[in-house]
1. Rounded to the nearest 0.05, what FRET efficiency do residue 16 and residue 201 give with R0 = 45 Å and r taken as the Cβ-Cβ distance? Could you check?
2. If we sort 203-209, 62-68 on the protection proxy, mean other Cβ atoms within 10 Å, highest first, what's the order?
3. In nm, give the distance between the simple-model label positions of residue 193 and residue 80, each being 7 Å from the Cα along the Cα-to-Cβ direction.
4. Over all directions, average the projected area of the Cα convex hull of region 145-218 and note it in nm².
5. Can you give the angle from 0 to 90° between the axis of helix 98-114 and the longest principal axis of the chain, with both taken from C-alpha atoms, to the nearest 10?
6. Compute the angle between helix 11-35 and the longest alpha-carbon principal axis of the chain, please, reported from 0 to 90 degrees and rounded to the nearest 10.
7. Note down the nm distance, to one decimal, between modelled labels 7 Å out along Cα→Cβ at residue 151 and at residue 110.
8. For a Förster distance of 45 Å, can you work out the FRET efficiency between the beta-carbons of residue 186 and residue 217, rounded to the nearest 0.05?
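None of the figures in this text is laboratory data; all of them are computed from the coordinates on show. From a predicted model like this one, the values you see are computed outputs, not experimental measurements. Virtual Cβ from ideal backbone geometry, glycine too; neighbours counted across all protein chains shown.
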């Protein structure tokens, strides 16, 4: 999506943030397709490669969390500029109208509030290793994070980027409608097919074994 009306010094940051938010939604879609489906889907994963899918589930979930945290970070930390939505707001503050800045500031507040638990996970478990948390001796247990919590943060992130896009290029990006021809749904279809073929093969061998026993006892 082009954003030619943006100031030249802002456009690279906007386009990179746009690409990163698309990538986050692509990964989140994969997670939901594979691990947030029906009970039958979960049973299938547990029948085929439970340890593999447990590792993939945790790795993908934590990767989405830390990716969201990066975009939700302040514009600078310890004197160093961050690749974040707040950094984009800082860079357009001198050229954007007050109405747009007000909307973006409100959305950033929602993102900051919604991602506070994510940052706790990042700081104590994912990016850093808090000893008491790792050893499970801390009285302060890490709060849980649901899929709904992630959706509630991604929504204002989409709105933030689309407010900028709508103002400068009169267009919006459908981040939450990412389309892939080889996503998690394809993987599940192939797993169901392989699982059925394995079941048929087991049943065939059982029939042959029973037939052999019956012929020997005849």
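1. On the way: r = 49 Å, r/R0 = 1.10.
Using R0 = 45 Å, I get an efficiency of 0.35.
2. Details: 203-209: 10.0, 62-68: 18.3.
Ranking, from highest mean packing down: 62-68, 203-209.
3. For the pair residue 193/residue 80, the computed spacing is 4.7 nm.
4. Working: hull surface 33.6 nm².
In nm², the orientation-averaged hull projection of region 145-218 is 8.4.
5. Roughly 40 degrees between the two axes.
6. Tilt of helix 11-35: around 30 degrees.
7. Going from the residue 151 label point to the residue 110 one covers 1.5 nm.
8. On the way: r = 47 Å, r/R0 = 1.05.
Given R0 = 45 Å and the Cβ-Cβ separation, E is 0.45.
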